[in-house]
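Questions regarding the structure given below will be posed in turn.
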Amino acid sequence: MPEPIRHVADHMPSDWLHGLFVGRADFGAGPSPVLIQDGRLYDMSAAVPTASLLLSRRAFSVMAGRDCGPLAEAAGTLLSPVDLQCIKAAGVTFATSALERVIEERARGDSSVAAGIRHSIEQRLCAGLRTVKPGSSEAAALKQLLIQEGMWSQYLEVAIGPDAEVFTKAPVLSSVGHGEPVGVRSDSGWNNPEPEVVLAIDRSGTPLGAMLGNDVNLRDFEGRSALLLGKAKDNNASCALGPFIRLFDESFTMDDVRSAELSLEITGRDGYRLEGRSSMSQISRDPMDLVQQTWSEHQYPDGAVLFLGTLFAPTQDRDEAGRGFTHKSGDTVTIHSARFGTLRNTVTTSKAAAPWTFGVADLMLNLAQRGLLISGVIS
């Protein structure tokens, strides 16, 4: 079930009273875009019916909204902060994640042999991946050396080559928000969360803010074949975003994205606990380069959000020695960053998660029935 929106006050950034946030909530009639300013929640649906339109029009004046009171007292339930935006993701943007993708590929998705492969190649690859700039002449020279040594991989191509890996993570309106179950395929035996910073970008290609995201990853599927990326990434409830989009202003800029420190905690019903971190300072491609590559030959008239990748790739054994980490149903995944707040979800299978039934046509019908698709609102 979605989280009561008043509960999210405890999961906001440490300085949230000085920031401006965009999100979505259901006050009983259907999805509404909301703004949070000075600790108060404003329903913006009468002025702009979707979060996508609110961002692209930069309609950030709370004077046009309905004051719903302090966030900690507001009624309604929290939804994912995005609606009509395309959900994109950049992969293999950190040296550690590049190394782990190579390991998955060589293990053919079999977690039982990953540890041995990791030991044999990490010393030979990791130093070069950490220091080389993607697309540079040094990267081209490293590529030729690795080819000669028989160590080249399609994942290294996007790790150090000129072209970033950018893919569509999930369909429009399919993401889940803070507090909702997050799904992994029921037939996956090697998977993990991916704590990431996610940019919110308007229709012109301009990043307007950022939030936290969990880009759930199935290591066995993608490891068997990169052509299974769609099955590895796009499954029911497999994309979590939130709790809100923090808008850029004088005190929160792209440099805060570049320097963000994310912590992750996984706790299981079996008493298992794992902690991890992802430091954006170690990303190999600048966030604005990833935005440019996403927009260079494509347009997104409803805007887009872009996962920037993660440093986190768990190798700690959970049950059987040598098999590494994988989720169990009931795991709680908590992603936190001081300037973004906390995104928390409980793991289930994609089959057991609530079916995704509210699509674009349903949203338009709902908005029309509420009288929100009036002349002049959408142009």
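From the residues in region 227-250 that are surrounded by fewer than 21 Cβ atoms within 10 Å (Cβ to Cβ) and within 15 Å of TRP190 (Cα to Cα), which one is farthest from the chain's Cα centre (by Cα)?
LEU228
Still on this structure: So in region 42-55, with the set limited to residues that are among the hydrophobic types (A, V, I, L, M, F, W, C) and either in a strand (DSSP E or B) or open to solvent by less than 30 Å² (accessible area, probe 1.4 Å) (or both), which one is nearest to GLY23 (Cα to Cα)?
Initial filter on region 42-55 (among the hydrophobic types (A, V, I, L, M, F, W, C)): 44, 46-48, 51, 53-55.
Among the residues that remain, those that are also either in a strand (DSSP E or B) or open to solvent by less than 30 Å² (accessible area, probe 1.4 Å) (or both) are: 44, 48, 51, 54-55.
Details: MET44: 10, VAL48: 13, ALA51: 7, LEU54: 10, LEU55: 10 Å.
That would be ALA51.
Sticking with this one: Find the residue count for region 56-94, including only residues that are surrounded by fewer than 23 Cβ atoms within 10 Å (Cβ to Cβ) and farther than 25 Å from PRO181 by Cβ.
15
Specify the residue that is farthest from GLY230 (Cα to Cα); the eligible residues are those in region 158-177 that are part of a strand (DSSP E or B) and in contact with a Cys (Cβ under 8 Å, 6 or more places away or on another chain).
First, pick out the residues of region 158-177 that are part of a strand (DSSP E or B): 165-170, 176.
Narrowing the set further to residues that are in contact with a Cys (Cβ under 8 Å, 6 or more places away or on another chain) leaves 168-170, 176.
Values: THR168: 8, LYS169: 8, ALA170: 9, VAL176: 18 Å.
In this case the residue turns out to be VAL176.
Which condition breaks for ARG6 when tested against (1) basic (Lys, Arg); (2) part of a strand (DSSP E or B); (3) open to solvent by 40 Å² or more (accessible area, probe 1.4 Å)?
(2)
Quick one: is LEU290 more than 20 Å from the chain's Cα centre (by Cα) and part of a helix (DSSP H, G or I)?
Values: more than 20 Å from the chain's Cα centre (by Cα): no; part of a helix (DSSP H, G or I): yes.
The answer is no for LEU290.
Same structure, new question: Restricting to region 251-286, name every residue that is part of a loop (DSSP other than H, G, I, E, B), open to solvent by 70 Å² or more (accessible area, probe 1.4 Å) and modelled with pLDDT under 95.
Across region 251-286, the qualifying residue is only ASP270.
Can you name every residue in region 161-211 that is touching a Pro at 6+ places or on another chain (Cβ under 6 Å) and surrounded by fewer than 22 Cβ atoms within 10 Å (Cβ to Cβ)?
ARG203
The values are calculated or read from the model by the stated rules, or taken from the named source; none is laboratory data. Fair warning: this is a prediction, and the values are worked out from it, not measured in the lab. Every residue, glycine among them, receives a Cβ derived from its backbone with ideal geometry; neighbour counts consider all protein chains shown. Please note that ligands, DNA and RNA were not included when accessible areas were found on the heavy atoms of the full protein model with its side chains. Shrake-Rupley method; radii C 1.70, N 1.55, O 1.52, S 1.80 Å.
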